[in-house]
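The values are calculated or read from the model by the stated rules, or taken from the named source; none is laboratory data. Everything quoted here is computed from the prediction, not taken from an experiment. Glycine gets a Cβ as well: all are built from the backbone with ideal geometry, and neighbour counts include every protein chain shown.
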């Protein structure tokens, strides 16, 4: 004799089955969909003095420093900087800016014209671990041009910051060769690299960050998966138009 379940028993059985099936078919949360959080954000800027046709005064450096503070710049690359060692009537823009900002600085000479030194500079609110200056061997159009490499201690990660002056009237092929020399001269290929200067719009091995409307200076990078530009802008300074890029710095992928 088959015994029928009461209405209450049916409801209990259905509830138990639903609970069992629900536990067994619950979807798993997708992994890796959350946006990674950067370890650090850093503002870099580049300023090319090639088109500057004026004598730099201490007041110009003071106004430049005010702009750097307002834009929260932490690393500045300068190209085609002129210095006059031993000339008391001329200020040294690199030394003066480092003094006013209380920043670290490094300078790489590319030419000396009867006591007027010309070269590239990197200044930073962070410690500069080391620096070296490089020319472009084998490039005939690169007479008095070169690149300055500076390893900047960003706290969570070292960054290779390069201030580069390429031959202004060189061919696209020569520019490509100069950029190749820059990228291949990186001592540690595991270190993210930021290159700033009068770079071509496209360079093999580097990603271009277009900087505002400026044509005299650009920012490129090889982030190795750890750098991502989040904003770009350009502002006028007493020494020319300055391009600014804000980078997010992420943890090294494993």
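If we only count helices (runs of 4 or more DSSP H) wholly inside the stretch 1-112, which ones have 2 or more residues that are at pLDDT 95 or above, surrounded by 10 or more Cβ atoms within 10 Å (Cβ to Cβ) and more than 19 Å from the chain's Cα centre (by Cα)?
58-70, 93-101
Given 137, 127, which one is farther than 24 Å from residue 44 by Cβ and without any contact (Cβ under 8 Å) to a residue 60 or more places away in the chain?
137
Taking the criterion of being touching a helix residue (DSSP H, G or I) at 6+ places or on another chain (Cβ under 7 Å), over 28 Å from residue 54 (Cβ atoms) and at pLDDT below 95, would at least one residue in the stretch 190-203 satisfy it?
There is at least one residue in the stretch 190-203 that is touching a helix residue (DSSP H, G or I) at 6+ places or on another chain (Cβ under 7 Å), over 28 Å from residue 54 (Cβ atoms) and at pLDDT below 95.
Considering only the stretch 144-254, give the strands (runs of 3 or more DSSP E) lying wholly within it that have at least 1 residues that are closer than 28 Å to residue 112 by Cβ.
Per the criteria, 146-153, 158-165, 193-197, 218-222, 227-237, 240-249.
Could you grab me the full set of residues in the stretch 127-138 that are out of contact with any helix residue (DSSP H, G or I) (no Cβ under 8 Å at 6 or more places or on another chain) and either closer than 15 Å to residue 194 by Cα or assigned to a strand (DSSP E or B) (or both)?
128, 129, 130, 131, 132, 133
Might you let me know whether the stretch 143-155 holds any residue that is buried (at least 18 other Cβ atoms within 10 Å of the Cβ) and over 28 Å from residue 69 (Cβ atoms)?
The answer is yes, given that some residue of the stretch 143-155 is buried (at least 18 other Cβ atoms within 10 Å of the Cβ) and over 28 Å from residue 69 (Cβ atoms).
Looking at 130, 233, 171, 135, which is the one that is closer than 19 Å to residue 106 by Cα, surrounded by fewer than 18 Cβ atoms within 10 Å (Cβ to Cβ) and modelled with pLDDT under 95?
135
Output the residues belonging to the stretch 234-254 that are touching a residue at least 24 places away in the same chain (Cβ under 8 Å) and closer than 23 Å to residue 38 by Cβ.
243, 244, 245, 246, 247, 248, 249, 250, 251, 252, 253
Among (1) within 18 Å of residue 49 (Cα to Cα); (2) modelled with pLDDT under 95, which single condition is residue 163 missing?
Of the numbered conditions (1) within 18 Å of residue 49 (Cα to Cα); (2) modelled with pLDDT under 95, the odd one out for residue 163 is (2).
May I ask you to say which residue of 234, 150, 187, 168 is out of contact with any helix residue (DSSP H, G or I) (no Cβ under 8 Å at 6 or more places or on another chain) and farther than 20 Å from residue 80 by Cβ?
Going through 234, 150, 187, 168 in turn, just one is out of contact with any helix residue (DSSP H, G or I) (no Cβ under 8 Å at 6 or more places or on another chain) and farther than 20 Å from residue 80 by Cβ: 187.
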